[in-house]
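Structure first, commentary second.
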């Protein structure tokens with residue numbers, strides 16, 4: 001086996017290619033490249049009005065639309081020194097939680113599970129695993145409805161605006177969600193049990209993990225940037241610890257952290273850094289299955305997502321039950337020059353948005369770092385170590401195991417392919 005070339009790796013969001021050159025079971029070259037077209041979002045945000053930003057950035061990706069919408073809003077609000085009401089903050093968190101449930105269900109059932117059951121797709125496995133596919137569709141519909149109830153749509157929410165919300169949900173709709181979420185608990189537990197029963201490839205590589213950390217809760221909506229190697233900074237200082245670089249074969253940037261080394265962000269990073277703050281249902285599931293964290297096995301990202309399904313189901317129920325809806329308008333604010341940074345924990349890891357506004361509220365500068373951009377470098381390093389250990393297998397099995405590893409990160413190349421034109425002068 002001299003060369004492994006995977007064009008358009010399947011069952012991920014977006015497009016990626018992998019090239020591996022092997023000589024006598026030793027890797028000589030390896031390159032994982034995002035091959036989405038350049039998106040130019042940071043470029044065409046320049047000159048746009050501050051209150052257009054969140055609607056525009058949600059279009060970076062349909063799967064991650066709420067992630068970018070909420071982070072974009074938060075960054076703009078930070079630039080304008082806008083403080084949300086407690087009710088508006090709770091509603092924002094509910095959209096975020098709903099979007100993570102949406103994405104985790106999609107990834108686990110429709111992208112990851114077919115690999116382990118021996119099928120090309122969830123559609124192909126539906127005849128034998130009808131109940132599992134039915135549960136997946138029900139859970140996805142429920143997660144969609146959380147976003148629709150609070151945000152007005154299940155993709156590209158419309159009710160969140162700068163300073164709050166343009167429309168609030170009805171109490172009846174909230175009560176209906178609570179009832180459905182409580183009924184879904186058994187299906188979330190069944191999802192965890194299903195993935196806990198699956199035998200994944202055995203692989204570990206010591207890695208730095210980066211996520212937000214909040215002393216009050218398992219962090220998603222707020223927190224400081226921390227890592228397993230000692231990073232601990234405010235969100236405003238993200239550029240001091242994250243270093244973007246251009247790779248000339250990829251339409252996505254690569255990002256490094258401590259000592260310019262790769263790192264992982266996402267569910268496994270959150271679990272490694274914040275697992276003591278999980279709620280009881282999630283902790284019990286981990287204990288019963290015999291898992292322990294921190295883990296340096298990237299395949300455990302699937303398990304970490306399944307744990308977060310349990311955690312977020314109960315957290316969403318709790319927020320909805322405490323919600324005492326009262327009519328309120330978005331808070332008032334003055335449009336002025338300013339700079340705002342925001343970070344959120346979203347399905348695939350930490351997302352960063354930064355905007356600089358001029359005196360009239362038009363965007364002068366924009367920077368967006370999506371989770372997959374941060375993970376690409378680490379995936380490459382994993383593959384350098386992982387592939388030599390599986391080369392004795394049949395070629396089809398080698399390819400499948402490589403794809404399983406890449407898919408375990410739940411990459412989203414539409415989000416990652418965002419950088420501006422770069423001109424190279426080669427000598």
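Numbers below:
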{"quantity": "For region 250-306, projected area of the alpha-carbon convex hull averaged over all directions, nm²", "calculated": "5.0"}
{"quantity": "Percent of alpha-carbon pairs separated by more than 17 Å within region 135-246", "calculated": "73"}
{"quantity": "Residues 70, 383, sorted so that the one with the fewest Cβ neighbours within 10 Å comes first", "calculated": "383, 70"}
{"quantity": "The chain: calculated mean residue ellipticity at 222 nm from DSSP helix runs of at least 4, using -39500 (n - 2.57)", "calculated": "-13000 deg cm²/dmol"}
{"quantity": "Extension gain, residue 334 back to residue 197 (0.36 nm per residue minus Cα-Cα distance, nm)", "calculated": "43.9 nm"}
{"quantity": "Neighbour-count order for 110, 195, fewest beta carbons within 10 angstrom listed first", "calculated": "110, 195"}
{"quantity": "For region 258-391: Kirkwood Rh in Å [reciprocal of mean 1/r, alpha carbons]", "calculated": "18.2"}
{"quantity": "Spatial extent of region 45-139: Rg and Dmax, with the Cα atoms as the point set, Å", "calculated": "18.1, 54"}
{"quantity": "Surface/4 of the Cα convex hull for region 122-177, nm²", "calculated": "4.8"}
{"quantity": "Cα gyration tensor shape for region 195-288, rounded if a/c is under 1.5, else prolate or oblate", "calculated": "oblate"}
{"quantity": "Nearest-0.05 FRET efficiency for residue 205 and residue 21, computed from C-beta distance (R0 25 Å)", "calculated": "0.75"}
{"quantity": "Percent of beta bridges antiparallel (DSSP, region 3-416, rounded to nearest 5)", "calculated": "95"}
{"quantity": "Where only C-alpha atoms are counted, convex hull volume of the chain per residue in Å³", "calculated": "138"}
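No lab work stands behind these numbers, since they all come straight from the coordinates. Everything numeric here is computed off the predicted structure, so don't read it as measured data. Counting neighbours? That spans all protein chains shown, and the Cβs are built from the backbone with ideal geometry, glycine included.
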